[in-house]
1. Please count how many residues of region 42-60 are in contact with a strand residue (DSSP E or B) (Cβ under 8 Å, 6 or more places away or on another chain) and either in a strand (DSSP E or B) or of a type in the set (Val, Ile, Thr) (or both).
2. Among the listed residues Glu31, Glu46, identify the single one that is at pLDDT 95 or above and surrounded by 15 or more Cβ atoms within 10 Å (Cβ to Cβ).
3. Taking region 1-28, which residues are in a helix (DSSP H, G or I), surrounded by 15 or more Cβ atoms within 10 Å (Cβ to Cβ) and in contact (Cβ under 8 Å) with a residue 24 or more places away in the chain?
4. Ser39 passes all but one of (1) exposed (fewer than 13 other Cβ atoms within 10 Å of the Cβ); (2) modelled with pLDDT under 95; which number fails?
5. Identify, please: which residue in region 66-114 is assigned to a helix (DSSP H, G or I) and in contact (Cβ under 8 Å) with a residue 40 or more places away in the chain and is, among those, nearest to the chain's Cα centre (by Cα)?
6. Report yes if Lys90 is over 25 Å from Met1 (Cβ atoms), of a type in the set (Lys, Arg) and buried (at least 16 other Cβ atoms within 10 Å of the Cβ), otherwise no.
Amino acid sequence: MKENEISFLIRRAVFNVYNAIGPGLLESAYETALDYELSKLGLLTELQVPMPMIYKEVKMDMGYRLDILVEGKVIIELKSVEELSQVHHKQLLTYLKLSGKKLGILVNFNTDDIAKSIFRKVNGL
């Protein structure tokens, strides 16, 4: 399955979660519910995936964690904040760059309009 097909299914799952439980919960609640919805759609997911940080060709012990990795191809970065800032968008772009993945989805569940709170980010590789 290609990244665009996965992205379409992720969007469907996000809407299912949001419609079922609404805004105002912690990110971890949305992570668990979204993982369940994605699994129901037949997608392979990994939660809190540790990724090493490579700095000047040196692998650092201090790394970062991806909220959800779908089919080993698409990163989902979840937020539950009053308002997304530019740094949230840049964070996902950094994750894409460091991981070598092509596509990421940033979702803020703390909103009254989930359709306006889902953002696709593409790694220019």
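The values are calculated or read from the model by the stated rules, or taken from the named source; none is laboratory data. Model, not experiment: these values are computed from the prediction. Cβ: placed from backbone, ideal geometry, glycine included. Neighbour counts: every protein chain shown.
1. So the count comes out to 12.
2. Numbers: Glu46 fails: surrounded by 15 or more Cβ atoms within 10 Å (Cβ to Cβ).
That would be Glu31, the only listed residue that is at pLDDT 95 or above and surrounded by 15 or more Cβ atoms within 10 Å (Cβ to Cβ).
3. If we filter region 1-28 for residues that are in a helix (DSSP H, G or I), which is where we start, we get 3-21, 27-28.
Among the residues that remain, those that are also surrounded by 15 or more Cβ atoms within 10 Å (Cβ to Cβ) are: 3, 6-7, 9-11, 13-14, 16-18, 27.
Within region 1-28, Glu3, Ile6, Ser7, Leu9, Ile10, Arg11, Ala13, Val14, Val17, Tyr18, Glu27 meet the criteria.
4. Every condition holds for Ser39 apart from (2).
5. Let us first name the residues in region 66-114 that are assigned to a helix (DSSP H, G or I), namely 86-99, 114.
Of the ones still in play, those that are also in contact (Cβ under 8 Å) with a residue 40 or more places away in the chain are 95, 98-99, 114.
On the way: Tyr95: 10, Leu98: 15, Ser99: 13, Ile114: 14 Å.
This residue is Tyr95.
6. Numbers: over 25 Å from Met1 (Cβ atoms): yes; of a type in the set (Lys, Arg): yes; buried (at least 16 other Cβ atoms within 10 Å of the Cβ): no.
The answer is no for Lys90.
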